[in-house]
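Reviewing the structure listed below.
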Amino acid sequence: MTEADDPAGAVPPATKLTLTKQKWAEQHKFLTGRAARPETERLPPGQHLVKDWPVLDLGIQPNLPPFRWSLDVDGLVARPVHWTWDAFGTLPQTRAVTDIHCVTTWSRYDNTWDGVATRDLLALVEPTDAARFVVLHSFDGYTTNLPLADFAAPDALLAHSWEGAPLTREHGGPVRLVVPHLYFWKSAKWLKRIEFVAEDALGFWEVRGYHERGDPWKEERYSDD
Ligand SMILES: Nc1nc2c(c(=O)[nH]1)N[C@H]1C(S)=C(S)[C@@H](COP(=O)(O)O)O[C@H]1N2
Ligand SMILES: [Mo]
């Protein structure tokens, strides 16, 4: 074989297998969305397991039939959007099975969520280089803030279903955020607006003594000052 037959760095011909594997990567096939933590570290320090699903909020549970719900994504993005329920339903769908860790010390394993992956949302709106933080605004007046990198976690999603059924009103339906690797107060219920900003802006609990980031494995429950 001469060098001309097989030049260094030439792209090998596409086979059925390489094409299939490429498609899997595009579809994120086989990804469960579950974080690969050793089982011994699955329960963060100071947490205990529950089987039920407690309800925690400010006491206002907005009544949002889907036709009254919409979501704005704006701030430092190339393509701001306003999605009605119908428009939201046309976005690519993702399923993730993740654990909940609430700062009030309960954790709940293996919650099956369906919704729109934050990664797919980011690809659509294209945050600018200046965007470094995300502020979530909810229909009950609640806000919470996240670093963009945490919002973009591979298993984070805008969930409309839990265990195969529509998210109930008390748990933030029709659409809530789920960011499994942070304490659950970061997972805004009754999502109304996602705002991309350059500087961190504290949300409801963050101005009331809770941690800016809230990593359960580091027990980032409260702010130091
Ligand atoms: N809009 C909104 N989202 C919210 C809250 C809230 O009061 N309003 N509470 C947060 C807190 S402190 C927790 S622990 C979880 C509770 O979600 P759950 O009621 O579905 O368990 O929602 C978070 N998201
Ligand atoms: Mo909470």
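Restricting attention to region 115-140, the residues being farther than 26 Å from R68 by Cβ and among the β-branched types (V, I, T) number 1. The C-beta contact set for region 65-82 (first residue on the phi > 0 side of the Ramachandran plot, second residue crowded, with 16+ Cβ neighbours inside 10 Å and part of a strand (DSSP E or B), distance under 6 angstrom, 6+ apart or interchain) comprises G75/E195; G75/F196; G75/V197.
Of all the listed residues (L146, L167, L182), the sole one being under 18 Å from P54 (Cα atoms) and within 16 Å of ligand 2 (Cβ to nearest atom) is L182.
Please find, among A149, A198, A117, A130, the residue that is touching a residue at least 12 places away in the same chain (Cβ under 8 Å) and under 12 Å from the mean Cα position of the chain (by Cα). Just a single option satisfies the conditions, and that option is A117.
Taking the criterion of being assigned to a strand (DSSP E or B), within 11 Å of ligand 1 (Cβ to nearest atom) and touching a helix residue (DSSP H, G or I) at 6+ places or on another chain (Cβ under 7 Å), the residues of region 94-137 that qualify are I100, H101. Restricting attention to region 198-211, the residues being under 13 Å from L146 (Cβ atoms) and either modelled with pLDDT under 95 or small (G, A, S) (or both) number 2. Screening L167 against (1) free of Cβ contacts under 8 Å to residues at least 24 places away in the same chain; (2) in contact with a Pro (Cβ under 7 Å, 6 or more places away or on another chain); (3) surrounded by fewer than 17 Cβ atoms within 10 Å (Cβ to Cβ) leaves a single unmet condition, (3). Checked against the criterion of being under 19 Å from the mean Cα position of the chain (by Cα), within 29 Å of D129 (Cα to Cα), modelled with pLDDT under 95 and in a loop (DSSP other than H, G, I, E, B), region 10-28 contains one or more residues that satisfy it. Inspection of region 210-218 finds a residue satisfying the criterion of being of a type in the set (F, W, Y), within 13 Å of ligand 2 (Cβ to nearest atom), closer than 15 Å to C102 by Cα and crowded, with 16+ Cβ neighbours inside 10 Å. Taken as a whole, region 158-177 holds no residue that is within 18 Å of E220 (Cβ to Cβ), touching an Asp or Glu at 6+ places or on another chain (Cβ under 9 Å) and within 16 Å of ligand 1 (Cβ to nearest atom). Entry remark, region 50-65: residues being closer than 13 Å to L191 by Cα and either at pLDDT below 95 or of a type in the set (F, W, Y) (or both) number 0 in total.
Scanning region 63-82 for residues that are among the small types (G, A, S) and assigned to a helix (DSSP H, G or I) returns no hits. For region 117-128, the count of residues that are modelled with pLDDT of 95 or more and within 16 Å of ligand 2 (Cβ to nearest atom) is zero. Residues of region 164-188 that are basic (K, R) and touching a strand residue (DSSP E or B) at 6+ places or on another chain (Cβ under 6 Å): R176, K186.
The values are calculated or read from the model by the stated rules, or taken from the named source; none is laboratory data. Everything numeric in this text was worked out from a predicted model, so none of it was measured. Glycine also receives a Cβ, built like all others from the backbone with ideal geometry; neighbour counts cover every protein chain displayed.
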